[in-house]
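Worksheet for the structure shown next.
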Amino acid sequence: MTVYQALIILFVCAFSGWLIASITVGMLFKPAKPVGIGSFKIQGIVPAFQQQFAKEAGKYAQEEFLRYRGLEDKLADPALLAVIRPEVEKHVDHFLQVKIKTVFPILAQFMGEKTINQFKTALLEEIDNLFPVLMSDMASHIKAGIQLDLVVEEKLNHWHPGQFEALLLNKASKHIRLYKLLCTSVGVFTGIVIILTLIISGI
């Protein structure tokens, strides 16, 4: 075997490894629509399973969203009540000092400053106790009414395969190059094995 023949074998094997890697990466996204070859149809893996992937992703997002307690905890946080408490207290004062005379005129005649302050203290304490429960329940109802699964599924289904491809090439370009290099290296190694086999066989 001549050096020229050995180099050709190495080149062909290396090129074959690189070509196989390029085809496998390309077939993730292309062709975007089914292409008929005889009785067979070929389509990129991502386009072929896009709807199924979108549905599963939406289902997963909905389940995780419902399990997430961050919204309830945030709305029921006493720190939030502390922020709005001055406004609440102002409305309570207005009710006890002004509005109660219209709503309960007879009762208002028997309420002095001390009684009003006692009512105010009792009302604010009740609000302090009731606020976290109400806000937590409200957050739960809001979450239950949000169909995040349908939103995610719709958005992913409207993505063009080219957008997925651009995202992958942008975020995983280094890994793709390493994959192609690995396949090329395997091709070179295969070529070396073939050459050694031919030399040992005396061809």
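A Cα-only calculation for the chain places Rg and Dmax at 35.3, 120 Å.
If R0 equals 45 Å, the separation of the Cβ atoms of Leu130 and Met27 corresponds to a calculated FRET efficiency of about 0.15.
For the chain, the relative contact order works out to 45 percent when only alpha carbon pairs closer than 8 Å and six or more residues apart are counted. Note on the chain: with a GNM built from Cα contacts shorter than 10 Å, the maximum mean-square fluctuation among Phe53, Phe95, Phe65 falls on Phe95.
Label positions at Leu167 and Arg85, each projected 7 Å from the Cα along the C-beta direction, are separated by 4.5 nm. Candidate cross-link partners of Lys114 among the aspartates and glutamates, defined by an alpha-carbon separation under 17 Å and a same-chain spacing of 8 or more, comprise Glu89, Asp93, Glu125.
For Lys55, the aspartates and glutamates whose Cα comes closer than 19 Å to its Cα, not counting residues fewer than 8 places off in the same chain, are Glu63, Glu64, Asp149, Glu153, Glu154.
Taking every alpha-carbon pair within the range 56-157, the share separated by more than 20 Å comes to 57 percent.
A straight Cα-to-Cα reach below 13 Å connects Lys74 with the aspartates and glutamates Asp137, residues fewer than 8 places away in its own chain not being considered. Of the complete DSSP H runs in the chain, those spanning 30 angstrom or more by Cα along the long axis with a mean Kyte-Doolittle score not below 1.6 are 3-26. In this label model, Gln147 and Ile194 are separated by 5.7 nm, measuring between points 7 Å along each Cα→Cβ vector.
Where a number appears in this text, it was derived from the coordinates with a stated rule and is not lab data. These figures come from a predicted structure and were not determined experimentally. Backbone-built Cβ (ideal geometry, glycine too); neighbour counts: all protein chains shown.
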